[in-house]
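Worksheet: the structure to be examined is printed underneath.
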Amino acid sequence: MGMTGGIQARTVLFTGGRAPVTLELARQFAQNGHRVLVADSLPHTLCTDSRAVSKNFVVPAPRHDPTEFIKALRQIIQRERVECLIPTCEEIFYIAAGLDDLRVYCQVLVEPLHKLKPLHNKWLFMQKMQALDLAVPQTWRVASQQALKSVLAGEVPERLVLKPVYSRFATQVRFLDTSTPILPDIDVSPAKPWVVQEFIQGRHYSLYGVAHGGRLTAFAAYPTLFTAGKGACIYFESVNCPYLLAWMQTVVAAEQFTGQIAFDMVEAENGVLYPLECNPRAISAVHLFDASARLDQAFLDTTNPLIQPKQDKCAAIRLAMVLYGLPEALMTGQFANWAKAMMTARSVIFQHGDPLPGLFLPRMLWQFARMSLQQRRSLQTVSTQDIEWDGMPIEWTLQPEFIVGSQHQ
């Protein structure tokens, strides 16, 4: 293939075609001359009808049949002469487990599973951040109702947040006011431990980066403004905060990390940055870059200088903004801000030059709606149930473990 902006145009395989971030990356890579392939275990995804994608492949669900999933990817890589495999969603953990098999055939932009697990696991992540001498919220690990009672019987902050060690979308997050303690009814066990964490009041941010050998080649950050329920952001507006970049560079360098990595964090009222969790994969910050920013080079060129989106660049999942953002804005008196966001933000799915993903969005949503009705589970739950990775079963002690929160100026 030819040259594109100083690097050789390549055949790139993305996994996770259902995700808006994958559609975004596919479009940007294709606009910059690369041949884009996409694999997913769903028959209909956002990428299925995108003109940016040369071929789509339906592969076995990694959670249900990881061996066949890796085998299918290997066959695609060999047959299509793929030069780089880039996972985007939680299937990344299964690809990391099969990394030794896959990287014989092409570059795989992912760390080994033993390196990803302590970032994905919310308890191990807190231990890792504390070991780097970074500020962390007070955090306990509990693996039983008795352990939870033991924590609450001690000296704890007035406001707490509870969440499973492995979870996503904040769908299982519980908030607890210890001044009027009512033991929350949570599904906690040695097979499903939770963290109990000090609630930090402040401004929430999501940070995202692409890194090679501990050096960032792309970075973006956005504050939490509009969300779908308690969890996933649906509106993204870039902010230029050097101290957020410096924090990210510290962690990425310490980890000598390669691949995509993201963090949720809160800036406390006293200016201290507290990490809350890590997602070692793509997040919606990729929507803040446009094709001219050359995000493809940040992935493919290990020597590429750091790129960042323009200040105040904004994008939104418009359907979610109507379904979730509008009711919330009306209830909180933020309608004017919502209306401004809707008028100025670029749609992450609907694009005039590539209209079919938007036009066929109902087809993908119907897949999830049908599964949701059949299984009596939420739409968010069924949307990732075949790609989720919740670690290996671990025998936990009943005694909670504790991280003493630290204050760093």
All-but-one check, residue 52 against (1) surrounded by fewer than 21 Cβ atoms within 10 Å (Cβ to Cβ); (2) within 24 Å of residue 27 (Cβ to Cβ), failing number (1)
All positions within region 80-94 that are farther than 12 Å from residue 10 by Cα and either modelled with pLDDT under 95 or assigned to a helix (DSSP H, G or I) (or both)
92, 93, 94
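Of the residues that sit in region 249-290 and are aliphatic (A, V, I, L, M) and part of a strand (DSSP E or B), which one is nearest to the chain's Cα centre (by Cα)? Spell out the reasoning first.
As a first pass, look at region 249-290 and keep what is aliphatic (A, V, I, L, M): 251-254, 261-262, 265-266, 268, 272-273, 276, 282-283, 285-286, 288.
If we keep only those that are part of a strand (DSSP E or B) as well, we get 261-262, 265-266, 268, 273, 276.
Numbers: 261: 8, 262: 6, 265: 13, 266: 16, 268: 22, 273: 19, 276: 13 Å.
Top of the filtered list is 262.
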Quick one: in region 185-200, of everything that is under 13 Å from residue 276 (Cβ atoms) and part of a loop (DSSP other than H, G, I, E, B), which residue is least open to solvent (accessible area, probe 1.4 Å)?
200
Go through region 86-98 and count every residue that is over 15 Å from the mean Cα position of the chain (by Cα) and within 21 Å of residue 21 (Cβ to Cβ).
3
Every residue in region 213-248 that is open to solvent by 20 Å² or more (accessible area, probe 1.4 Å), under 13 Å from residue 299 (Cα atoms) and part of a strand (DSSP E or B), please.
215
With touching a strand residue (DSSP E or B) at 6+ places or on another chain (Cβ under 8 Å) and either closer than 18 Å to residue 287 by Cα or part of a loop (DSSP other than H, G, I, E, B) (or both) as the only criterion, which of 167, 179, 206 stands out?
206
From 330, 323, which residue is modelled with pLDDT of 90 or more, assigned to a helix (DSSP H, G or I) and surrounded by fewer than 18 Cβ atoms within 10 Å (Cβ to Cβ)?
330
What is the number of the single condition among (1) over 17 Å from residue 296 (Cβ atoms); (2) part of a strand (DSSP E or B); (3) in contact with a helix residue (DSSP H, G or I) (Cβ under 9 Å, 6 or more places away or on another chain) that residue 56 does not meet?
(3)
Output yes when any residue across region 74-84 is among the basic types (Lys, Arg) and touching an Asp or Glu at 6+ places or on another chain (Cβ under 7 Å), and no when none is.
yes
Which one of 290, 296 is open to solvent by less than 30 Å² (accessible area, probe 1.4 Å), of a type in the set (Asp, Glu) and more than 16 Å from residue 233 (Cβ to Cβ)?
296
Any hit, region 152-167, residues being closer than 30 Å to residue 314 by Cβ and either within 17 Å of the chain's Cα centre (by Cα) or of a type in the set (Ser, Thr, Tyr) (or both):
yes
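Matching residues to (1) open to solvent by 30 Å² or more (accessible area, probe 1.4 Å); (2) in contact with a Pro (Cβ under 6 Å, 6 or more places away or on another chain); (3) not in a strand (DSSP E or B):
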{"residue": "157", "(1), (2), (3)": "no, no, yes"}
{"residue": "163", "(1), (2), (3)": "no, no, no"}
{"residue": "172", "(1), (2), (3)": "yes, yes, yes"}
{"residue": "183", "(1), (2), (3)": "yes, no, yes"}
When both residues are 6+ apart or on different chains and their Cβ atoms are under 7 Å apart, which pairs have a first residue that lies in region 14-27 and is buried (at least 24 other Cβ atoms within 10 Å of the Cβ), and a second that is among the acidic types (Asp, Glu)?
15/40; 15/91; 16/40; 16/91; 17/40; 18/40
How many of the residues making up region 95-139 are touching a helix residue (DSSP H, G or I) at 6+ places or on another chain (Cβ under 7 Å), crowded, with 19+ Cβ neighbours inside 10 Å and in a loop (DSSP other than H, G, I, E, B)?
6
Could you go through region 341-351 and let me know if any residue there is touching a Ser or Thr at 6+ places or on another chain (Cβ under 6 Å) and either at pLDDT 90 or above or among the charged types (D, E, K, R) (or both).
no
In region 256-283, what count of residues is obtained for those that are crowded, with 22+ Cβ neighbours inside 10 Å and either basic (Lys, Arg) or modelled with pLDDT under 95 (or both)?
1
Candidate set from region 293-310 (those that are in contact with a helix residue (DSSP H, G or I) (Cβ under 9 Å, 6 or more places away or on another chain) and either in a strand (DSSP E or B) or of a type in the set (Gly, Ala, Ser) (or both)); member that is nearest to residue 351 (Cα to Cα)
293
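With the requirement that a residue be surrounded by 13 or more Cβ atoms within 10 Å (Cβ to Cβ) and in a helix (DSSP H, G or I), what does region 347-368 give you?
Narrowing region 347-368 to residues surrounded by 13 or more Cβ atoms within 10 Å (Cβ to Cβ): 347-351, 354-358, 360-361, 363-365, 367-368.
Correct list: 356, 357, 358, 361, 363, 364, 365, 367, 368.
Restricting to region 335-346, name every residue that is buried (at least 17 other Cβ atoms within 10 Å of the Cβ) and out of contact with any strand residue (DSSP E or B) (no Cβ under 6 Å at 6 or more places or on another chain).
Step one: filter region 335-346 for residues buried (at least 17 other Cβ atoms within 10 Å of the Cβ), giving 338, 341-342, 345.
Hits for region 335-346 are 338, 342.
The values are calculated or read from the model by the stated rules, or taken from the named source; none is laboratory data. Because the structure is predicted, anything quoted here is derived from the model rather than measured. Positions of Cβ are generated from backbone atoms using ideal geometry, with glycine treated the same way; all protein chains shown enter the neighbour counts. Note: areas computed on protein heavy atoms with side chains; ligands, DNA, RNA excluded. Shrake-Rupley method; radii C 1.70, N 1.55, O 1.52, S 1.80 Å.
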